Amino acid sequence: MGSAIIILERLPALSLGCYGNWQNVTPNLDAQASRSLVCDHFIATDTCYPIVCDFLISEFISIKQVEKYVATEDWIVGATPWLDESIDDIEKPLDLVRKFAAYPERINDFEIPLALRFAIHGAIVHCMDRLFGDAREDVREGYDLAYDGAVDTVVVYSCTGEPLIKRSGEHRFFCPETQHLPLMIERIGVSDSSERLNSPFGVNDFRELLRDVASLDRWKQQMEARGKFVAQLENGQMIRTTEWLCIVGDDEEFQPQLFHLPEDPWGLLNVAPQYPHVVQELLKSIEKP
């Protein structure tokens, strides 16, 4: 089995809804977070791209793609009063977006009105989320067919967040843990609910984490396939499933007892006489040593 990776070149992480800040809604990333292991404190630098791992396929969403989509956004209409330009001159607001994309520190440029900075910020986040949704759909539909279901893991992460700051006298991207950059690991068909890794997490931890998550999921699949628990009692056996509790004795004179747990979670009413076929199925399913 293989993995698919979806890489976001740069995402202003302060607005990600799935990380608790709803300034700008990100429905596609939120949906991904709801079915993934989410790493809350992913520490990334410009040296971590690409993540060291063996991937079958990958999707890369660049800021250039975002610029193309931003051209259709409604925020441009609201931006024109500050730009003193006609709405027909779309290159002026797009030029600002390109500058913000190339120089993220301009998000703190006080010469540009705050409302306009928020508008640009929101447009970039919205478009990146939309492009991510398209890429995830490609993974779900196209790659599953092309690779005959070979994709069992989808990893989502962002190369860098904001802002661009000085470190050791050099300008370089550095994403502090407070940025909550998206790093999400989805195990297709196994991880049905979201989980969070709250400890600081770096690129060097990634391969080990992915391996351990895969091992855990294989174990969960084995448990789900087995679907029951058999315990050896002093004078018999107990068979436990999510629905039934069955107790059988080593002595043939001991009549099996059966309890329907959804209706009788305490095991007070023996329903074996009403469901002899269930008792037989449970007895047949016991794995012989």
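Observations on the structure shown:
- Residue list for region 255-278, filter: surrounded by 13 or more Cβ atoms within 10 Å (Cβ to Cβ), aromatic (Phe, Trp, Tyr) and in a loop (DSSP other than H, G, I, E, B): Tyr275
- Exactly one residue among Glu281, Glu195, Glu252 is surrounded by 10 or more Cβ atoms within 10 Å (Cβ to Cβ) and either more than 30 Å from Val155 (Cα to Cα) or at pLDDT 80 or above (or both), and that residue is Glu281.
- Within region 230-243, the set of residues being free of Cβ contacts under 8 Å to residues at least 24 places away in the same chain and either in contact with a Phe, Trp or Tyr (Cβ under 9 Å, 6 or more places away or on another chain) or surrounded by 11 or more Cβ atoms within 10 Å (Cβ to Cβ) (or both) comprises Leu233, Asn235, Gly236, Met238, Arg240, Glu243.
- Residues of region 217-248 that turn out to be part of a helix (DSSP H, G or I) and not small (Gly, Ala, Ser), as a count: 9
- Residue check for Ala119: touching a helix residue (DSSP H, G or I) at 6+ places or on another chain (Cβ under 6 Å), modelled with pLDDT of 55 or more and in a helix (DSSP H, G or I): yes
The values are calculated or read from the model by the stated rules, or taken from the named source; none is laboratory data. Owing to the predicted nature of the structure, the values given are computational and were not obtained by experimental measurement. Please note: Cβ atoms are built from the backbone with ideal geometry, for glycine as well, and neighbour counts cover all protein chains shown.
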